[in-house]
Amino acid sequence: MIFEKRGKSILISQNKKVSVIISNYNGEEYVYNCVRSVLNSKYLNFEVIFVDDASKDDSLKILKKHFSSDQRLTIIQNKE
């Protein structure tokens with residue numbers, strides 16, 4: 001896969017798995033767009049690890065509603 005960065009072409013191998021870690025605390029306003037953006041990446045060999053730090057809002061509810069069937073997403077929920 002070739003990406004453009006500052007006018008230069010960069011060749012990236014799809015063989016290397018990338019882990020994207022998203023840390024969250026009460027980010028319900030941003031969680032949907034954040035995770036959707038990563039999951040819609042052109043790079044295919046990746047996983048998303050979403051770590052919720054005991055949010056008191058609906059972050060996890062939004063995440064589970066929209067992305068629970070996506071096997072690339074792992075959710076870690078800290079209770080306190």
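The values are calculated or read from the model by the stated rules, or taken from the named source; none is laboratory data. Keep in mind it's a predicted model, so treat the numbers as computed, not measured. Quick reminder, even Gly has a Cβ in these numbers, built from the backbone with ideal geometry, and neighbours come from all protein chains shown. When the accessible area is computed, the model is the full protein with side chains, heavy atoms only, and any ligands, DNA or RNA have been set aside. Shrake-Rupley method; radii C 1.70, N 1.55, O 1.52, S 1.80 Å.
Things to note:
- Of the residues making up segment 32-50, those that are among the hydroxyl-bearing types (Ser, Thr, Tyr) and modelled with pLDDT of 95 or more number 2.
- Hits in segment 11-60 (condition: open to solvent by 50 Å² or more (accessible area, probe 1.4 Å), in a loop (DSSP other than H, G, I, E, B) and touching a helix residue (DSSP H, G or I) at 6+ places or on another chain (Cβ under 6 Å)): 58
- Test result for residue 29, at pLDDT 95 or above and touching a Lys or Arg at 6+ places or on another chain (Cβ under 8 Å): no
- Extreme residue, nearest to residue 17 (Cα to Cα), among residues of segment 62-80 that are open to solvent by 70 Å² or more (accessible area, probe 1.4 Å) and in contact (Cβ under 8 Å) with a residue 12 or more places away in the chain: 72
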